[in-house]
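Shown next, in structure tokens, is the structure this report addresses.
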Amino acid sequence: MQKKILLLPGDGIGPEISAEAIKVLDCLNKKMNLDIGYDYGLIGGCSVDVHGVPLTDETIAQAKSSDGILLGAVGGPKWDTLDRAIRPEKGLLKIRADLDLFSNLRPAILYPQLADASSLKRELVADLDILIVRELTGGIYFGEPRGVRTLENGERQGYNTLVYSESEIERIGRNAFEIAQKRDKRLCSVEKANVLEVSGLWREVMGSIADDYPDVELSHIYVDNAAMQLVRAPKQFDVIVTGNLFGDILSDCAAMLTGSIGMLPSASLNADGLGMYEPVHGSAPDIAGQGIANPLATILSLEMLLRYSLDMSDAADLIAKAVGSVLDQGLRTADIYSKGMMKVRTDEMGDAVVKAL
Ligand code: IPM
Ligand code: MG
């Protein structure tokens with residue numbers, strides 16, 4: 001049966017970088033007779049412009065009937081002053097919630113060809129390979145009550161709620177243990193149990209399921225220390241599991257350690273294996289439309305999609321090899337450029353990957 005991908009290019013540089021991933025998909029379809037079909041949908045600001053909301057039921061239905069979703073990026077200054085309920089980011093949060101994409105995998109891998117692009121010393125980051133498993137459909141991002149209220153003295157007060165139930169913690173915890181089993185078997189759970197009750201429960205649940213994974217070494221660390229350790233000695237980590245907000249912050253930090261946030265893909269998965277794949281970097285409105293963005297994170301997101309949602313590891317391997325090859329050739333977009341290399345534009349990078357394929 002034909003497999004079908006839903007493409008959600010989104011806003012900012014999203015359409016430019018998605019176009020390059022599609023070139024790669026077209027090429028693989030032809031070369032390997034993959035017969036992967038694709039449809040387009042709207043999410044984020046582009047959906048607000050057309051429908052008045054950042055995500056429609058139609059896009060959700062399209063996503064649910066697909067075998068995998070490739071997202072570019074959402075958001076930009078044009079929509080920043082809108083009511084919070086219809087901002088582009090809401091579309092992203094809603095699709096995560098509606099598809100129950102609770103497990104967000106964010107690898108931070110240092111490409112040997114780019115070792116000098118890191119802000120840390122080469123020896124601290126050489127061969128870095130961390131995977132952050134971020135809980136994506138709970139925590140303070142979705143907790144109720146939330147809002148801004150007016151107190152008796154007339155002052156306004158903003159409030160949000162950080163909640164995690166045992167079953168939510170256990171679900172992401174087991175997921176992270178299973179992933180750690182396939183890697184270096186070290187799992188570090190990050191929370192703030194010295195202050196927050198919810199974190200105390202998080203630590204307890206993580207500890208209680210650990211017995212089922214005797215081959216994995218579990219450690220617990222407070223989030224402030226985790227942030228410090230990430231920039232002090234990042235190689236001590238293998239897999240990190242954490243809640244939604246801490247994962248948001250730490251994954252940006254970890255991505256930057258590689259010096260090439262423009263290279264990093266991510267996956268958001270539900271319990272049935274349906275996944276949404278997107279570059280870790282955002283919509284970069286400051287460089288949108290200039291044709292200089294790095295398409296490799298999106299191309300590598302397609303790689304993850306083929307590997308994890310379509311079970312086409314041969315095709316995925318080919319993409320990974322082609323990306324390695326263009327880096328070996330010295331091709332660099334502006335974000336990863338260093339002296340002596342060949343600076344290329346978004347479409348030239350995409351074309352080079354197709355050529356390498
Ligand atoms: C991310 C982004 C989103 C988040 C925003 C755009 C809603 O920062 O995917 O990390 O906070 O989850
Ligand atoms: Mg973020």
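The values are calculated or read from the model by the stated rules, or taken from the named source; none is laboratory data. Computed from a predicted model, the values in this text were never measured in an experiment. Glycine also receives a Cβ, built like all others from the backbone with ideal geometry; neighbour counts cover every protein chain displayed. Areas reflect the complete protein model, heavy atoms only, side chains present, ligands, DNA and RNA absent. Shrake-Rupley method; radii C 1.70, N 1.55, O 1.52, S 1.80 Å.
Using a cutoff of 8 angstrom between alpha carbon atoms and counting only pairs six or more residues apart, the relative contact order for the chain works out to 22 percent.
Checking the cross-link pairs 30/355; 30/321; 94/185 against a 21 Å limit on the alpha carbon distance flags 94/185 as lying beyond it. Within the chain, the proportion of C-alpha pairs whose separation exceeds 37 Å stands at 18%.
Go through 312, 256 and list them by solvent-accessible area, largest first, probe radius 1.4 Å. Mind dumping the intermediate values first?
Details: 312 35, 256 100 Å².
Ranked list, largest accessible area first: 256, 312.
Of interest is the spacing of the C-alpha centroids, which for the range 1-66 and the range 188-266 amounts to 31 Å.
Its alpha carbons considered, the range 129-256 gives a radius of gyration followed by a Dmax of 16.0, 57 Å.
Nearest 500 deg cm²/dmol is fine: what mean residue ellipticity at 222 nm does the chain get from its DSSP H runs of n ≥ 4 alone, each adding -39,500 (n - 2.57), divided by its residue count? Intermediate results must be reported in sequence, preceding the final value.
On the way: 12 runs with 142 residues, N = 357.
Only helices count here, giving -12500 deg cm²/dmol.
Computed with every protein chain present, the accessible area of residue 50 is close to 100 Å² [probe 1.4 Å].
You can think of it this way: the chain between residue 334 and residue 84 has 86.7 nm of extra reach, that is 0.36 nm per residue less the Cα-Cα gap. Ordering 48, 148 by accessible surface, largest first, gives 148, 48; the 1.4 Å probe counts only protein heavy atoms, with every chain in place. Annotation: residue 224 carries an accessible surface of approximately 90 Å², with a 1.4 Å probe and no ligand, DNA or RNA atoms counted. The mean sequence distance of close C-alpha pairs (under 8 Å, at least 6 residues apart), as a share of the length of the range 129-256, puts its relative contact order at 37 percent.
Which is the longest part of the chain that has none of the GluC sites (Glu not before Pro) sitting in a DSSP loop with at most 11 other Cβ atoms within 10 Å? Show your work: numbers first, answer last.
On the way: sites that count: 152, 155.
Longest site-free region, per DSSP loop and neighbour criteria: 156-357.
In this view, the solvent-accessible surface of residue 96, computed with a 1.4 Å probe and all protein chains in place, comes to about 10 Å². Taking 17 Å as the straight-line reach from the Cα of residue 121, the aspartates and glutamates in range (excluding those fewer than 8 positions away in the same chain) are 129. Which of rounded, prolate, oblate describes the range 187-326, given a ≥ b ≥ c as roots of the alpha-carbon gyration tensor eigenvalues and a/c under 1.5 marking rounded, otherwise prolate only if a/b is larger than b/c? Prolate is the answer for the range 187-326, as a/c is 1.5 or above and a/b outweighs b/c. Per-peptide packing, taken as the mean over residues of other Cβ atoms within 10 Å, places 287-293, 39-45 in the sequence 39-45, 287-293 from highest down.
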